[in-house]
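Each remark here refers to the structure printed beneath this line.
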Amino acid sequence: MPASGSPPFNHLAGVARGDAGAMDACIDAHGGLVWSIVLKRVRDRTAAEDLTQEIFTEIWKTSGRYDPAIASESGFIAMIARRRAIDWTRKQQRLPEMESLTEKADFPAPGEDPGSAMDRDSLWKALETLPDETRSLFTLHFEQGLTHSEIAESTGLPLGSVKTRLRRGLLEARALLGRLGGRLNPNLEARS
Amino acid sequence: MNFEERWSRFEELDAGRALGDLDAAELAEWQELSRDFGSDVGLDHLAGEMEALLTMEKPQALPPELAAGLKQQFSPTPVVEEKRGKVMLGPWLGWAVAACLLGLLMVNNLLPDKAPPAEQLLSALLAAAPDAKRLSFSPAGDAYAATTGEVVWSDSRQEGYMTLSKIPANDPTKRQYQLWIVDPARDEIPVDGGVFNIPAGPGPVVVPIDAKLAVHNPAAFVITLEQPGGVVKSKQEVVVALAKF
């Protein structure tokens, strides 16, 4: 587990205020994260470039909704990036468009949601506490960006089992985080 | 199903929604259950945190040319081009007008998450993009004979808007309108320009174009009626209107 302790980033507050250079700083700080998330899921460089541009436009538009008491800045940005990348992938697979809750304004108030109010150490603890198989599925989904079909092929698990175990794993992680009771921010940013 | 079973099913589907793996039947089931149990972004936040945590183990660097393009896109500084000792006033005035409009938009909206109305964005585009093309829509069939409208598109900004009148309102749960941009220089397959709805009521509606790929030399814009959520490739069974050079 990487060390923590550096002060958290707060580029989005500057972007929301319209501070000069805030968006540049945000791109410098989070460009690699967005690009990594998009490229591993989209796997088409031209489409990935277009999508990255759309994602930063959405980040610019929604920066005023970011609340550091609820999410880390990188988590907020990753949430937008993965949602856009997943939507793009679903469109290629001709799956119906899903409602985007992340574009809604009704974000939960701090402390209302036990799944989000966690710090990075708690996230690592929760990950380490999950069963080996769930942790392995999380790595394939979140870190490598594999589709469920690719995960099924890679692990030899039936596709339905991959789907069910990932869903239950996410719910289990939320429950674990609720029990660990940490707060989301401030150390989450320190590792990049 | 009793209440607990319904809640448990909703939880599982909500996790599937956050993971992006719902199929059409599950999505319909989630939508029905969410009417009773509500919806929030808690699991989306958690998935985002997990993705950030695990992705930042081995992040890839943003390509420098893409980073530079993004910074230019969000830069408020106008570019003044000097040629043969003369300041090019045209581009400068365009930027100045755009800056003024942007200032007004910021004052009106206070925060950037409150997106300005499409009408204002269209005005700003027309003021700031000298390359913006304007084309009139023509109805494509008797059912849409009264349809009128115009499309404005800027290649340089990859931004555009449609102003549409007298298109029948659609029920988004049954059918949705979808724009297609024909750009033969890019591909013979039209580029998806986004899915949109037309509300009931009189008056023109301004619809932002949401081109999913870069378009550099559009030859035509075509509106079709499709299944909810749109399609990847239209069979053009119901063509509503088209605008072409």
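Filtered by the rule that a residue be farther than 20 Å from B:Ala47 by Cβ and more than 9 Å from chain A (Cβ to nearest Cβ), the stretch B:8-28 gives a lone residue, B:Ala25. The set of residues in the stretch B:176-227 being touching a Ser or Thr at 6+ places or on another chain (Cβ under 6 Å) and of a type in the set (Ser, Thr, Tyr) consists of B:Thr224 alone. What number goes with the only condition from (1) among the basic types (Lys, Arg); (2) at pLDDT below 75; (3) open to solvent by less than 50 Å² (accessible area, probe 1.4 Å) that A:Arg183 does not pass? The failed condition is (3). Restricting the stretch B:199-240 to residues that are at the interface with another protein chain (Cβ under 10 Å from one of its Cβ atoms) and among the basic types (Lys, Arg), the residue that is farthest from B:Asp155 (Cα to Cα) is B:Lys233.
For the residues A:Pro68, A:Pro110, the requirement of being open to solvent by 40 Å² or more (accessible area, probe 1.4 Å), within 21 Å of B:Leu54 (Cα to Cα), modelled with pLDDT under 95 and assigned to a loop (DSSP other than H, G, I, E, B) singles out A:Pro68. With respect to the stated conditions, B:Pro202 fails to be at pLDDT 90 or above and open to solvent by 60 Å² or more (accessible area, probe 1.4 Å). Taken as a whole, the structure leaves A:Ala78 outside the set of residues that are surrounded by fewer than 23 Cβ atoms within 10 Å (Cβ to Cβ), assigned to a helix (DSSP H, G or I) and at pLDDT 85 or above. For B:Gly141, the conditions (1) over 19 Å from B:Lys235 (Cα atoms); (2) out of contact with any Phe, Trp or Tyr (no Cβ under 9 Å at 6 or more places or on another chain) all hold with the exception of (1).
The lone criterion from (1) more than 7 Å from chain A (Cβ to nearest Cβ); (2) open to solvent by less than 10 Å² (accessible area, probe 1.4 Å) left unmet by B:Asp36 is number (2).
When the residues of the stretch B:46-68 are filtered to those that are modelled with pLDDT under 90 and at the interface with chain A (Cβ under 7 Å from one of its Cβ atoms), the one that is surrounded by the fewest Cβ atoms within 10 Å (Cβ to Cβ) is B:Glu57.
The values are calculated or read from the model by the stated rules, or taken from the named source; none is laboratory data. Note that the structure is a prediction, hence the values are computed from the model and not measured. Glycine gets a Cβ as well: all are built from the backbone with ideal geometry, and neighbour counts include every protein chain shown. The area values use the complete protein model at the heavy-atom level, side chains included, leaving out ligands, DNA and RNA. Shrake-Rupley method; radii C 1.70, N 1.55, O 1.52, S 1.80 Å.
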